[in-house]
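The values are calculated or read from the model by the stated rules, or taken from the named source; none is laboratory data. All figures in this text were calculated on a predicted structure; none of them were measured in a lab. Here the Cβ is made from the backbone with ideal geometry for all residues, glycine too, and neighbour counts use every protein chain on show.
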Amino acid sequence: MKKFLLAVGAALAALALGGCASYDGRGLVPGSSTGPQVETLMGKPALRLPAADGGSVLYFPRSPLGRHTFAVTLGPDGVMRAIDQRLTHANIDKLMAGTSNKKDVLGIFGPPDPANISRMPFKPLEVWEYRWLESGDKRILWVSFSDDGILREVINTHDYEADEPTGSGSMP
């Protein structure tokens, strides 16, 4: 049974790697790739927001297993202008408690995984969780909103639950 499960797992991994999908948009060319090509390569976006120039921004969160959100900016002509990874310290630093709101956070990071949206039991806050990666360090970003949609708290910390267990697990 164990060999069967390993064989099935290997086959699924090969299919995933051999398919047309791209985790990070590798193969897309700014100034050349079109919106339909982006979606063929990266899949259906989790969110599409209008851009100031009449184009749009497509968001591709790679959660719950991945720790990235890629944003593809399309011009008004439907041609890709840029692709960037949004879960970064520079973008986290743009958040301003008391000033930023849900729309701002969506515009920076895109949507969180729906399973990672929760309500605080004793505070009137909605919390969004983004798992991200910084130079190999697995991290968690929590952003909390009051009922009026205003950002109230930003917590960025190491993801201790993702750490490998240490020690032999036995008592001396």
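Regarding GLY25, is this residue touching a residue at least 24 places away in the same chain (Cβ under 8 Å) and at positive phi? It is true that GLY25 is touching a residue at least 24 places away in the same chain (Cβ under 8 Å) and at positive phi. Is it fair to say SER144 is over 20 Å from the mean Cα position of the chain (by Cα), surrounded by 17 or more Cβ atoms within 10 Å (Cβ to Cβ) and modelled with pLDDT of 95 or more? The answer is no for SER144.
For the range 63-100, filtering for residues that are surrounded by fewer than 20 Cβ atoms within 10 Å (Cβ to Cβ), at pLDDT below 95 and either touching a Lys or Arg at 6+ places or on another chain (Cβ under 8 Å) or not hydrophobic (A, V, I, L, M, F, W, C) (or both) leaves 2. Does the range 38-55 contain at least one residue that is part of a helix (DSSP H, G or I) and in contact with a Leu (Cβ under 7 Å, 6 or more places away or on another chain)? Checking the range 38-55: at least one residue is part of a helix (DSSP H, G or I) and in contact with a Leu (Cβ under 7 Å, 6 or more places away or on another chain).
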